[in-house]
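Notes to accompany the following structure.
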Amino acid sequence: MDHVLRTHKITKYFYDPEKFQVLKEIDLVVNKGEFLSLVGKSGCGKSTLLYVLSTMDTDYEGELEISGQRLTGKNQNALARFRNEHIGFVFQFHYLLPEFTALQNVMIPAQKLGRYTRSEIEERAYEKLKMLGMHEHALKPSAKLSGGQQQRVAIARGIINDPDIIMGDEPTGNLDSYNTGLVFEIFQELTHTYHQTIIAVTHDEAFAHKSDRIVEMSDGRIVHPGGVLLPKMQT
Amino acid sequence: MKLSISIAKTHLLSRPKQTLVAMLGVTFGIGMFIAMVSLMTGLNNFTEELTMTSSPDIHIYNDIAEGRPTLLSVVYPDALQVVHHQKPKQETLKVRHALQLATLLRNDTRVSGVAPTLSSQVFYNYGPVQLNGMIAGVDILEEDKLFNLRAKMKAGRIEDLKAHAEGIIMGIGLARKLQVHHGDRVVITTPQGYTMTLKIVGIFQMGIGTVDNIRSYANISTVQTILQQDPSYITDINVKLKDLHQAKQLAPEFQRLSGYKAEDWETANATFLTGSIIRNILTYSVSFTLLVVAGFGIYNILNMTIHNKMKDIAILKAMGFAGKDVKQIFMIQSLVIGFVGSLAGLLIGYTLSLIISKVPFNGGDFIALDHLPVNFNPRYYFIGIVFGVATTAVAGYLPSRKASKLDPIEILRG
């Protein structure tokens, strides 16, 4: 099976208030279609790792490669373009743009990418919303939606450009158990039906245990690489 | 770009009050700029026009007060000499060979008109009272070419002066003081005691009290007669140039050519022109201040917007908006505020100017003015909009840059 993401000895320091090594030579390979949970205690560095993987944090040592592209050392504009095309995000707080409708929120990353015409984008956005059961709320202002609904719209926005990876930072952290279940089902469907790769940082043990692979971190190291689907080590 | 515009538009429309307040700042600044600059340049143009009607582009005359070197200093240029109370010798004001000089000047391609004149102080007799004034002996048709007298006639025609050897065209203020009308006769006396009765064939109004209240025109020969001088006696040559802004350069040349003092209009009217400059400085500094204040308003509002939109900016960046895209979104907002605000400002400025131009204003005896002069030159409207948009661009740039530099991780991690 192909890997989508690979890191080589990723090391990162925090300098404030004093020098502190938050990530210690992380080697991680994520395969296509894997639903991976990144778990660990608070402060173990899992969120920090996710933001390095997301390409938003460029202040690290080591190497990062996604979809066969080496991303270490690229400039911010190139990385922004890369994120737009290859990475979808789902955050704990839904972070929809409140002045826009649900549909517009979903459309924005696609309009930014500019691969399709506006009407095509609108059609695709409707499709994604429908997949998540949100098409009835498409024209509502996003601020008028409930938390669970907003998170589903956010997921639709995350997958509008058919990204190689969806990255989630506590995607269910702010949801009740019903909506947590719903979001989990959506993720599962995405991985199983559409072979979508998902990396989610989570505190939620139940959520993690239902995912395909659990990577456990402690003190800036991966202490348990999971590996249900781990292929033969490719350094 | 299209996406940035649509996001910017949504941002602006979702907070109409804030947007409106920001725009009003610009509108007020530009509106005041237009109103002020219209009135000030209107006044400047008016005074300049007045200046032009009362003084020729270049005035050539015999300046007796012109410093005269003493004989000693000519003979012993290095010697120390002390001369107290040097006085001019008895000299006539005559410009020699004036008519030949006039012909010479007329043939100059840069000159559009030359009028030799002679003028003298006279007393206008009004019963037992004598009013002090000036009489200018002119070729009235030449004079008309220089000063457009025809348009300033309140009674009579300028040709009437040609027909009446003993005619006089009088300033309106003077006529009023003397209580005389078109067709009446007036007695004038020269300082030398020569008295003559002249018929008023016309009345003019220049619009400036200092001219209208003392001056009158007569034929050259008439004035030569009352001064008891020969027919070649001319005291002044007035020159009109094709381009009046050349006056300052040409005056010294004409001075060398004629051997007499040649004074350009800018030097002759330095006080008027200084007034113009000061008015311009005032207009631009007040407008600039207003716009700076408006600029601070925009800076503030945009800063606040960006502060409120930190999360949105972070998520936009996560989704693949580069720093420059974010900057674009906020720059578009400030430019739209600037442009729409400036346009509204132009409209308000125009309306204000229109109102000002209708306000009755009594210039009194000194200046003939019934309402304020306002300049509707489109140039200032263009400057206004450029000024407005530029200010908002500067005011918007700093917050926009801040937004573009924002680190999304800090916000997304909470």
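We did not get these values from a lab; they are worked out from the coordinates using the rules stated. Here the structure is a predicted model, which means the values were calculated and not measured. We place every Cβ from the backbone using ideal geometry, glycine too, and count neighbours over all the protein chains shown.
Between segment A:82-138 and segment B:104-125, how many Å separate their Cα centres?
The distance from the Cα centre of segment A:82-138 to that of segment B:104-125 comes to 84 Å.
At 222 nm, what helix-only mean residue ellipticity would chain B give, in deg cm²/dmol to the nearest 500, using -39500 (n - 2.57) for each DSSP H run of four or more?
Estimated from H runs of four or more residues: -18000 deg cm²/dmol.
In a Gaussian network model over chain A where Cα atoms closer than 10 Å are linked, find which of A:Pro225, A:Pro171, A:Pro17 has the largest mean-square fluctuation.
Looking only at A:Pro225, A:Pro171, A:Pro17, the largest GNM fluctuation is found for A:Pro17.
Please identify every one of the GluC sites (Glu not before Pro) in segment B:59-157 that sits in a loop by DSSP and has no more than 13 other beta carbons within 10 Å of its own beta carbon. Write down the numbers at each step before the final one.
Values: sites: B:Glu66, B:Glu91, B:Glu142, B:Glu143; in loops: B:Glu66, B:Glu91.
Sparse-neighbourhood loop GluC sites (Glu not before Pro): B:Glu66, B:Glu91.
Set the Förster radius R0 to 35 Å, insert the Cβ-Cβ distance between B:Leu369 and B:Gln130 as r into 1/(1 + (r/R0)^6), and round the FRET efficiency to 0.05.
Values: r = 30 Å, r/R0 = 0.86.
For B:Leu369 and B:Gln130, the calculated efficiency is 0.70.
How high is the relative contact order of chain B, in percent, counting Cα pairs under 8 Å that sit 6 or more residues apart?
Details: 702 pairs, mean separation 116.0, N = 414.
It rounds to 28 percent for chain B.
Please tell me which of these pairs span more than 28 angstrom C-alpha to C-alpha: A:Lys12/B:Lys402; A:Lys128/B:Lys402; A:Lys32/B:Lys2; A:Lys32/A:Lys128; A:Lys32/A:Lys210?
Numbers: A:Lys12/B:Lys402 26 Å; A:Lys128/B:Lys402 34 Å; A:Lys32/B:Lys2 34 Å; A:Lys32/A:Lys128 21 Å; A:Lys32/A:Lys210 18 Å.
Flagged as over cut-off: A:Lys128/B:Lys402; A:Lys32/B:Lys2.
What is the ratio of the Cα radius of gyration of segment B:1-122 to 2.2 N^0.38 Å, with N the residue count, to two decimals? It would help to have the intermediate numbers written out before the result.
Details: Rg = 32.0 Å, N = 122, 2.2 N^0.38 = 13.7 Å.
For segment B:1-122, the normalised Cα radius of gyration is 2.34.
Highest GNM mean-square fluctuation, chain B, Cα pairs closer than 10 Å: which of B:Tyr380, B:Tyr76, B:Tyr284?
B:Tyr76
Take the Cα atoms of the protein assembly as shown, build their convex hull, and give its volume per residue in Å³. Intermediate values should be presented prior to the final figure.
On the way: hull volume 178.2 nm³, N = 649.
Output value, Cα hull per residue: 275 Å³.
In peptide B:316-329, what is the residue-averaged number of other protein chain Cβ atoms found within 10 Å of each Cβ?
Details: counts 6, 5, 16, 17, 16, 7, 10, 3, 3, 4, 1, 0, 0, 0.
So the per-residue partner count for this stretch is 6.
How would you order B:230-239, A:153-162, B:99-108, B:315-324 from highest to lowest mean count of nearby Cβ atoms within 10 Å? Show your work: numbers first, answer last.
On the way: B:230-239: 19.2, A:153-162: 25.0, B:99-108: 15.1, B:315-324: 23.4.
Descending packing order for the listed peptides: A:153-162, B:315-324, B:230-239, B:99-108.
Give me a comma-separated list of calculated 3J(HN,Hα) values for segment A:192-204, in order, Karplus coefficients 6.51, -1.76, 1.60 applied at θ = phi - 60°, integers in Hz, x for any Gly or Pro.
For segment A:192-204, the Karplus-derived couplings read 7, 8, 10, 6, 7, 8, 10, 10, 10, 7, 8, 9, 7 Hz, x marking Gly and Pro.
Take every DSSP beta bridge whose two residues both sit in segment B:92-263, then give the antiparallel share in percent to the nearest 5. Walk me through the intermediate numbers first.
On the way: 27 of 37 bridges.
Antiparallel: roughly 75 percent of the beta bridges in segment B:92-263.
When the Cα centres of segment A:33-58 and segment B:230-260 are compared, how far apart do they sit, in Å?
90 Å
Rank B:Lys261, B:Lys309, B:Lys94 by mean-square fluctuation in a GNM of chain B with C-alpha springs under 10 angstrom and give only the top-ranked residue.
B:Lys309
Can you work out the FRET efficiency for the pair B:Phe361 and B:Thr109, with r the C-beta to C-beta distance and R0 = 45 Å, to the nearest 0.05?
Values: r = 42 Å, r/R0 = 0.93.
FRET efficiency, B:Phe361 to B:Thr109: 0.60.
Given chain A, report the % of alpha carbon pairs whose separation exceeds 25 Å.
Working: 10989 of 27495 pairs.
Counting pairs separated by more than 25 Å, the tail of P(r) holds 40 percent.
Just to confirm the number: angle between the C-alpha axis of helix B:378-405 and the first principal axis of chain B, 0 to 90 degrees, nearest 10?
30 degrees
So, R0 is 22 Å and r is the distance between the beta-carbons of B:Thr10 and B:Val394; what FRET efficiency does that work out to, to 0.05?
On the way: r = 24 Å, r/R0 = 1.11.
According to the calculation, E is roughly 0.35.
Check which residues have an amide H placed less than 5 Å from B:Tyr126's amide H, if you skip close sequence neighbours.
Amide H to amide H, under 5 Å and 5 or more residues apart or across chains, B:Tyr126 pairs with B:Leu131.
Would you list, by chain and number, the lysines whose Cα falls below 21 Å from the Cα of B:Lys162, excluding same-chain residues fewer than 8 positions away?
Within the straight-line cut-off, B:Lys162 pairs with B:Lys145, B:Lys152, B:Lys154, B:Lys199.
Excluding residues on the same chain fewer than 8 positions from B:Lys87, give the aspartates and glutamates whose Cα lies under 16 Å from its Cα.
B:Lys87 reaches B:Asp63, B:Glu66.
Antiparallel as a % of all DSSP beta bridges within segment A:3-224, to the nearest 5?
Numbers: 19 of 38 bridges.
In segment A:3-224, approximately 50 percent of DSSP beta bridges are antiparallel ones.
Hey, what number do you get for chain A at 222 nm if only DSSP H runs of n ≥ 4 count, each worth -39500 (n - 2.57), divided across all residues, to the nearest 500?
Working: 7 runs with 82 residues, N = 235.
For chain A, the value works out to -11000 deg cm²/dmol.
Once you have the alpha carbon radius of gyration of segment B:92-263, what is it after dividing by 2.2 N^0.38 Å, with N set to its residue count? Could you put the intermediate results ahead of the total?
On the way: Rg = 16.2 Å, N = 172, 2.2 N^0.38 = 15.6 Å.
So segment B:92-263 has a normalised radius of gyration of 1.04.
Please give, to one decimal in nm, the separation of the simple spin-label points placed at B:Thr92 and B:Thr70, each 7 Å out from Cα toward the Cβ.
Inter-label distance under the simple model: 3.0 nm.
How much of the calculated P(r) for chain B lies past 42 Å, in percent of all Cα pairs?
Details: 35651 of 85491 pairs.
For chain B, the share of Cα pairs beyond 42 Å comes to 42 percent.
Count the DSSP beta bridges whose two residues both fall in the protein assembly as shown, then state the antiparallel fraction as a percent rounded to the nearest 5. The partial results should precede the final answer.
Working: 56 of 85 bridges.
Given both bridge residues lie in the protein assembly as shown, the antiparallel proportion sits at roughly 65 percent.
Could you give the size of the charge dipole of segment A:3-224 about its Cα centre, using +1 on the Cβ of each K and R and -1 on the Cβ of each D and E, expressed in debye and rounded to the nearest 20?
Details: 25 positive and 29 negative charges, 84 e Å.
Roughly 400 debye for segment A:3-224.
Treating the angle as unsigned and between 0 and 90°, give the value, to the nearest 10°, between the Cα long axis of helix A:118-131 and the longest Cα principal axis of chain A.
Approximately 80 degrees, to the nearest 10.
Residue by residue through segment B:5-12, what is 3J(HN,Hα) from phi via Karplus (6.51 cos²θ - 1.76 cosθ + 1.60, θ = phi - 60°)? Round to whole Hz and write x for glycine and proline.
4, 5, 5, 4, 4, 4, 4, 5
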